[in-house]
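Okay, structure first, notes after.
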Amino acid sequence: MTEEHNTSTPEMSSTQSLLSNVTEKESVVSKPMPCSMIPIPDEYWGMSAKQSLAFMSILHNGSISPGETVCVRAIVPSSEHKHKNNLLHNFETIPGTPWDSIMIDMVGINTGVSVPVELQMVNHRQNNERVQTHIYEADVALYDVDTYHPEGYIEFRDAKWNPGPSMDPQPLEPEPIVVFPSNQTISVMDKNNISPYSLSRHMDLPLCTEPNLDGRWISLNELEFDPGLVSPSDNNNRAWLPYNCRLKRYTYKEFAKCLINRYPLMHWFGDSNSRRALKKITSLGKWCSTPDAINTLTCRCNDNVEEFTNYMVHNLIAPIDIDPIRGGSTPVGITNYSNAPPGNSRIVAFKWDGLTDRNNPPWASYFDSEFSNRMGSPAVTIFGLTNWDVAFSSFSFFAKEVDKLIKAIDMAYKDNIDIILRTGQYYCCTSDTDVFWKRRYSRLRNQYFDRYLIHTFKQHFDGRRRVRIWNVSRISETRPYDAREEVQFCAANHARSEVVEIENQVLMNAMCN
C-alpha cells in the first residue's frame, strides 16, 4: 500500500509545509488519551483541496502498553468539484455514515501485523454537509509489541462508495493521504513482560467460545509453539490468532460428533459463501485440501460449476445427514426434515441470494404456514446475509427486508432457538468491473449493511433469543494489504479455501467449546 499510494509528490511536500505553519498547533499527547479529549485546530475546518492534500496524524508522541489505544485523526479538505458535479445526487450516504471512504491500517514494521483503523465522523456540523471539509478519528487499540506506522488512502469521496440503484459500481481511483508529520510511528512496548497478548502466552488463553473475534495474522515463523495447535495457515503461511482466546484446531470428524451430541438439527440459510463452508464440513475437510487442488480456480475463487456429491448444492432446500465416518449425504424420499437418522446430525441448507428481489421464488416463501411442522425445531439457525444485498439492493430496500425476515423468524422459530448471523465477506481494494453482474460492492457498503443487520437483530431479540455474530469479515479485514488485494482476481469476492477453513474453525470453536 505504501509504495503504490503514498509515494512522495510535490503536492505532498507543500502539504507538509503548510501544516508545519498552522498557527494553532494540534495537541500531541504523551500518554494515551481518547480522541474526544484532544482538540481539533479551528484552521483545519477551513482547509480546501487547493491548499492541502488530505492528511492523517497519530496524536501521540510516546510509547503505549499492549492493549492501550492511540488516537488517529484524518482531515479531508473540501474539494471544488463537489460544487459542480450534477451527478452527485445519485450518491447519498447511509444515515450516520461518512461522505468519504478512507482505508487506513496501522502496520507493524517488524511483524507485518495489520490493524484496521475504524474512522468515525467527528460530531461537527460540517461533517453533515457534502461540500465541506470533513474530519474523522478513531481510537485504535494496539496489542502486539512492535513499531507501527499508518498506511492508507482515500477510496471514494462524495459518497461514491454508495452508488444508487440506477448507478454502476464506481471505479476505484485511490487518492493519497499524507502522514503528518511524515514518517510518524507509534511503539507498543511490554516493559515488564506481562502482556497477556504476547505470543509466548497465547497457549495460556482460554478456548474461544464466541464467533465474533478480533485477532491478527502472524507468520508461522514467529510462533513460539507448534503451529499444529492453532487453526491452519492461509496461502501466505500466516496463522490467524485471536487476541483474547485461542482456537482449538478441530477436525471435521470431531465437529460431526459435536453436532450429533449438541445440534442434531440445524438450519442454515446462505449463498455461495455458505456453500463453500458447507463443502468443507460435509466432505470432512477433504474439499480443496490437496496441494494440487488448492490453487485451482474452484478453491481460489469460484466453485459454482464444480460437481459435488456430499450434498445437493444447487437445490433450494438441501437436507444433509452428517456422520463422523462418511461425512455428508442426501437423504432420499423424505417429506419431513425434522429428524436425522440414528448416529447422524442433520443440516437443512436453504439456498438464497440474500434478501434481494433476485430470489426465485421470493425468499419469504420458505416461511409458509407449514414451515415449523415440516422443517422441525433446530438447535440453532445460521443466517448468511449481506453479500447479495450489498451487490444488488439499495439500503432502504434491505432494511425493509430485514424487518420482514425478523417477523418471519418470530413466527417460524421458538425463542429458545439460537441464531448465528454470518456477516458478509470483507471487500476492498477494487470495484466490480464485470459488465454483466455490476455488483455494487464497496468496503463501506459491506461494512454498514453488516452493522445495520447486527444492530437490528440484537435490538429486536434482546433478552428473548440468543443472537451470535459469526464475523468472517473481520478475519479477512485484518489480513495484510497485499493478501486483501487478492479480491482483484475473484469478482465473486469468495474467500480462498484456506480462509474458508479458518472461518469454519471459528464457527466450530464457538459451537463446540
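Structure values in brief
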| read-out | value |
| --- | --- |
| Fraction of antiparallel bridges per DSSP, the chain only, in percent to nearest 5 | 65 percent |
| Cβ charges +1 (Lys, Arg) and -1 (Asp, Glu), total dipole of the chain, debye | 1520 debye |
| Cross-link pairs Lys248/Lys351; Lys253/Lys351; Lys279/Lys351 - those with Cα-Cα distance over 18 Å | Lys248/Lys351; Lys253/Lys351 |
| Local electrostatic count, Ile260, Cβ distance below 12 Å [Lys/Arg +1, Asp/Glu -1] | +1 |
| Distance (nanometres) between label positions extended 7 Å along Cα→Cβ at Asp403 and Ser182 | 5.3 nm |
| Spin-label proximity, Arg464 to region 242-272 - amide N less than 15 Å from point 7 Å beyond Cα toward beta carbon | none |
| Summed side-chain charge close to Asn339 - residues other than Asn339 whose Cβ falls under 14 Å, Lys, Arg +1, Asp, Glu -1 | +1 |
| Electrostatic dipole magnitude of region 400-513 [Cβ: Lys, Arg +1; Asp, Glu -1; Cα centre; debye, to 20] | 480 debye |
| Accessible surface of Val230 - all protein chains present, 1.4 Å probe, nearest 10 Å² | 0 Å² |
| Normalised contact order of the chain, rounded percent, pairs of Cα under 8 Å and 6 or more residues apart | 16 percent |
| Over the chain: Rg over Rh, Cα atoms, Kirkwood Rh | 0.98 |
| Stretch gain in nm, segment Asp204-His314, where the contour uses 0.36 nm per residue and the Cα spacing is subtracted | 35.3 nm |
| Estimated 222 nm signal from helices in the chain, with DSSP H stretches of n ≥ 4 weighted -39500 (n - 2.57), rounded to 500 | -6500 deg cm²/dmol |
| Cβ-Cβ FRET estimate between Asn61 and Asn244, R0 fixed at 25 Å, reported to 0.05 | 0.30 |
| Loop-located trypsin sites (Lys or Arg not before Pro) in region 299-358 whose Cβ has at most 16 other Cβ within 10 Å (DSSP) | Arg326, Arg358 |
| Region 450-513, accessible surface, carbon-and-sulfur percent (1.4 angstrom probe) | 48 percent |
| DSSP H segments from the chain that extend 18 Å or more along their own axis, Cα-based, with Kyte-Doolittle mean of 0.5 or above | 395-412 |
| Per residue, in Å², the accessible surface of the chain once ligands and nucleic acids are set aside, probe 1.4 Å | 42 Å² |
| Accessible surface, 1.4 Å probe, highest first, among residues Met411, Met37, Met312 | Met411, Met37, Met312 |
| Pairwise FRET efficiency - Ile109 versus Glu129, Cβ, R0 = 30 Å, nearest 0.05 | 0.20 |
| Residue (of His460, Asn471, Tyr448) at the positive-pole extreme of region 410-507, dipole from beta-carbon charges | His460 |
| ³J(HN,Hα) computed for each position of region 72-77 - Karplus, 6.51 cos²θ - 1.76 cosθ + 1.60, integer Hz, glycine/proline x | 10, 10, 10, 10, 10, x |
| Carbon/sulfur fraction of accessible area - region 107-266, other protein chains in place, 1.4 Å, % | 45 percent |
| Ile417 versus Asp482: modelled label distance in nm, points set 7 Å from Cα along the beta carbon direction | 4.7 nm |
| Solvent-accessible area of Lys414 with every protein chain in place, 1.4 Å probe, in Å² to the nearest 10 | 140 Å² |
| Theoretical FRET efficiency, 1/(1+(r/R0)^6), r = Cβ-Cβ of Ser329 and Ala379, R0 25 Å, to 0.05 | 0.80 |
| Area of Ser65 that stays accessible when all protein chains are in place (1.4 Å probe, Å², to 10) | 50 Å² |
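The values are calculated or read from the model by the stated rules, or taken from the named source; none is laboratory data. Since the structure is predicted, the reported quantities are computational estimates derived from the model, not experimental observations. Glycine also receives a Cβ, built like all others from the backbone with ideal geometry; neighbour counts cover every protein chain displayed. Side chains are part of the model used for accessible areas, which takes the heavy atoms of the whole protein and leaves out ligands, DNA and RNA. Shrake-Rupley method; radii C 1.70, N 1.55, O 1.52, S 1.80 Å.
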